[in-house]
Amino acid sequence: MGQTLSLRDAVRRHVHDGDVVAMEGFTHLIPFAAGHEVIRQRKRDLTLVRMTPDLIYDQLIGTGCARKLIFSWGGNPGVGSLHRFRDAVENGWPRPLEIVEHSHAAMAAAYAAGASNLPFGMLRGYVGSDLVKHNPTIKWVTCPFTGEELAAVSALRPDVSIVHAQQANRAGDVLIHGIVGIQKEAILSAKRAIVTVEEIVEKFSHPPHSVVIPNWVITAVCRVPGGAKPSYAHGYYHRDNAFYIEWDAISRDRDRFTAWIEQNVMRAPARV
Amino acid sequence: MSEYTNDELMAIEAARGLRDGDVCFVGIGLPSTAANLARLTHAPNIVLVYESGTIGTRPDVLPLSIGDGELAETADAVVSVPEIFAYWLQGGRIDVGFLGAAQIDRYGNLNTTVIGDYAKPKTRLPGAGGAPEIATSAKEVLLIVKQDRRTFVERLDFVTTAGYLTGGDSRAKSGAPGAGPTRVITNLGVMEPDPFTKELTLVQLHPGVEVEQVRAATGWDLKVAKELRRTPEPSPQTLAVLRDLLARTKAAHAAQAHSGCH
């Protein structure tokens, strides 16, 4: 049964140094407020898992929270590079970052395998790709029925997954609508799950394209209005495209980045 | 003859190749512009699929990211990320996939991972995203790439995504069900694979472009077809539809920025 907690308490209790942490939300509902709380609590040596690291992991990497990154596309969508990610990979700043790199299809299969309690996911993929040479979690398996060679990727099993959703009800069930991404798989593959929500309602309205996740697979629910900004929450607020563009300049320079984090994350009040 | 930009010409040429009813797996940028332009002109029944899980979407303006809300609002169906890749792409339901790249070689193999050595890269690029499996499973792939010697290289620093591998029948033997890249549209012209060697061959020149320019922008000894086609000038009607779409997009995103993030 999901417990209603403040975001500060949820992160304090359920995210530990050295954990494998997945914060998901495929371009939509990115859990920025929770990521900022992890930065404020100075968590260290995390293995960060996310298909599209986006600005949130650029910030976690640039503040030295991460030892390792498992991902499948590491850019600033529609803008260009993630400069803190690049600085960590190219120059080891602020600390070296180990990377485990997938394609989207493979990473999705690895989450689905984790959610299904299987040791690996399978796909017809990675044909001719050099990624296979650099990622030891990709192997080949032979179909026992047809003999076809298929790619196998070891299952993702995060210690804790964190997602943002539009609503929780009083029982702690969670509703996600619009682009539903990989949040359900992130929650079901993890040992613990934290969900931040825009609001807590008496009754869900069930708009089209919605997913409901029952409370008993969720460890903690936190009410954090605006918790996905500057990404968006369908039905609540738009993506702040101007900030995604601005981030390019902020993140290019180590000092400017550090000053931005100090001002906007470290000195920001903790979210309820 | 009307004036137009390279980007407009590339989008229009890419749109021309799409058939009414094609199911297209689209990314952001020129592919999305081209596919929506086709939908608004000669191919009203084209089905647009974005990797964020939106199927049959009809956005009024172009999305800035593959996960824009309007894609979900105007879609026939929205599915999860594992489902879009497993059931819809790997399931063999995509006719045309669009890809771009930081580097491409003569067999249409693509690099979007690193420039330099993988362990100590000179430039770390975003990585694979959906590309390797789009290239594997889409029935055919269209590539849209700006042509210069930094991009059209003799040897890739890293093979992220397979085209025709080492040429000849190497792709056919690889187990990839899709045909591979059937057209490469650049700012200078169009290349298609040779039917036997699979080496990219210049088959079409854009208006005002000469063969020598294309050779000069290619990092290998480019094969040129005996009979070269000329890309038709964009029609004023098509240009008008494209510019209207781009203007609408700009206005919508500016208005959204104004309304802020409340």
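Filtering A:Thr137, A:Thr142 for residues that are farther than 30 Å from A:Trp260 by Cβ, surrounded by 15 or more Cβ atoms within 10 Å (Cβ to Cβ) and not basic (Lys, Arg) leaves a single hit, A:Thr137.
From the list A:Ile187, A:Ile176, the lone residue that is modelled with pLDDT of 95 or more and not in a strand (DSSP E or B) is A:Ile187. Taking A:Lys184, is it under 20 Å from B:Ala72 (Cα atoms), of a type in the set (Lys, Arg) and in contact with a strand residue (DSSP E or B) (Cβ under 8 Å, 6 or more places away or on another chain)? Answer is yes for this residue. Looking across A:Gly78, A:Gly147, A:Gly121, A:Gly125, one residue alone is within 11 Å of chain B (Cβ to nearest Cβ) and part of a strand (DSSP E or B). It is A:Gly121. Set side by side, the residues B:Arg39, B:Arg93 differ, and just one is in a loop (DSSP other than H, G, I, E, B) and of a type in the set (Lys, Arg), which is B:Arg93. Taken residue by residue, region B:124-145 has at least one member that is in a strand (DSSP E or B) and closer than 21 Å to A:Glu90 by Cβ. Those residues that are in contact (Cβ under 8 Å) with a residue 60 or more places away in the chain and away from every other protein chain (no Cβ under 14 Å), I need them from region A:10-34; list them, please. Within region A:10-34, A:Ala10, A:Val11, A:Arg13, A:His14, A:Val15, A:His16, A:Asp19, A:Val20, A:Val21, A:Met23, A:Pro31, A:Ala34 qualify. Under the condition of being more than 7 Å from chain A (Cβ to nearest Cβ) and not in a helix (DSSP H, G or I), which residue from region B:76-88 is farthest from B:Gly129 (Cα to Cα)? My answer is B:Asp76. On the given criteria, is B:Thr160 over 28 Å from B:Gly21 (Cα atoms), of a type in the set (S, T, N, Q) and surrounded by 24 or more Cβ atoms within 10 Å (Cβ to Cβ)? Criteria met by B:Thr160.
Quick one: in region A:226-266, which of the residues that are acidic (Asp, Glu) and away from chain B (no Cβ under 14 Å) is nearest to A:Asn76 (Cα to Cα)? Here the residue is A:Asp253. Checking region B:211-219 against the condition returns no match, with no residue being assigned to a strand (DSSP E or B) and not aliphatic (A, V, I, L, M). All conditions in (1) modelled with pLDDT of 95 or more; (2) touching a helix residue (DSSP H, G or I) at 6+ places or on another chain (Cβ under 9 Å) hold for B:Trp88, with the sole exception of (2). Exactly one residue out of A:Val132, A:Val163, A:Val153, A:Val141 is part of a strand (DSSP E or B), over 23 Å from A:Glu24 (Cβ atoms), at pLDDT 95 or above and aliphatic (A, V, I, L, M): that is A:Val141. From the list A:Gly92, A:Gly147, A:Gly172, A:Gly121, the lone residue that is under 20 Å from A:Ser72 (Cβ atoms) and among the small types (Gly, Ala, Ser) is A:Gly121. If you check B:Gly17, B:Gly27, B:Gly21 for being of a type outside the set (A, V, I, L, M, F, W, C) and modelled with pLDDT of 95 or more, only one passes: B:Gly21.
Per-residue answers, yes or no, for (1) within 16 Å of A:Phe257 (Cβ to Cβ); (2) among the polar types (S, T, N, Q); (3) not in a loop (DSSP other than H, G, I, E, B):
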position	(1), (2), (3)
A:Val21	no, no, yes
A:Gly25	no, no, no
A:Ala34	no, no, yes
A:Ile39	yes, no, yes
A:Lys43	no, no, no
A:Thr47	no, yes, yes
A:Ile61	yes, no, yes
A:Gly64	yes, no, no
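State whether one or more residues within region A:208-224 are in the same structural domain as A:Leu82 (by TED's automatic domain parsing), at pLDDT below 95, in a helix (DSSP H, G or I) and surrounded by fewer than 16 Cβ atoms within 10 Å (Cβ to Cβ). The answer is no, given that none of the residues of region A:208-224 is in the same structural domain as A:Leu82 (by TED's automatic domain parsing), at pLDDT below 95, in a helix (DSSP H, G or I) and surrounded by fewer than 16 Cβ atoms within 10 Å (Cβ to Cβ). Residues that are more than 7 Å from every other protein chain (Cβ to nearest Cβ) and over 16 Å from B:Pro31 (Cβ atoms) within region B:116-136 comprise B:Gly116, B:Asp117, B:Ala119, B:Lys120, B:Lys122, B:Thr123, B:Leu125, listed in sequence order. Within the set A:Leu118, A:Leu123, the sole residue that is free of Cβ contacts under 8 Å to residues at least 60 places away in the same chain and under 20 Å from B:Trp88 (Cα atoms) turns out to be A:Leu123. So is B:Ala101 modelled with pLDDT under 95 and in a loop (DSSP other than H, G, I, E, B) or not? Yes: the conditions hold for B:Ala101. The one condition from (1) more than 14 Å from chain B (Cβ to nearest Cβ); (2) within 20 Å of the chain's Cα centre (by Cα); (3) closer than 27 Å to A:Ala88 by Cβ; (4) at pLDDT 95 or above that A:Arg271 does not meet is (4).
Which numbered condition in (1) surrounded by 24 or more Cβ atoms within 10 Å (Cβ to Cβ); (2) touching a strand residue (DSSP E or B) at 6+ places or on another chain (Cβ under 8 Å); (3) more than 8 Å from chain B (Cβ to nearest Cβ) is the only one that A:Leu69 fails? For A:Leu69, the failing item is (1). Going residue by residue through region B:61-75, is there one that turns out to be outside any loop (DSSP other than H, G, I, E, B), free of Cβ contacts under 8 Å to residues at least 12 places away in the same chain and at the interface with chain A (Cβ under 9 Å from one of its Cβ atoms)? The answer is yes; a qualifying residue exists. Name the residue, out of B:Ala252, B:Ala225, B:Ala240, B:Ala247, that is over 15 Å from B:Asn6 (Cα atoms), touching a residue at least 24 places away in the same chain (Cβ under 8 Å) and part of a helix (DSSP H, G or I). Among B:Ala252, B:Ala225, B:Ala240, B:Ala247, only B:Ala252 is over 15 Å from B:Asn6 (Cα atoms), touching a residue at least 24 places away in the same chain (Cβ under 8 Å) and part of a helix (DSSP H, G or I). Among the residues making up region A:86-108, those that are at the interface with chain B (Cβ under 7 Å from one of its Cβ atoms) and in a helix (DSSP H, G or I) are A:Arg86, A:Val89, A:Glu90, A:His104, A:Ala105, A:Ala108.
The values are calculated or read from the model by the stated rules, or taken from the named source; none is laboratory data. What you see is a predicted model, and the numbers here were worked out from it, not measured in a lab. Every residue, glycine among them, receives a Cβ derived from its backbone with ideal geometry; neighbour counts consider all protein chains shown.
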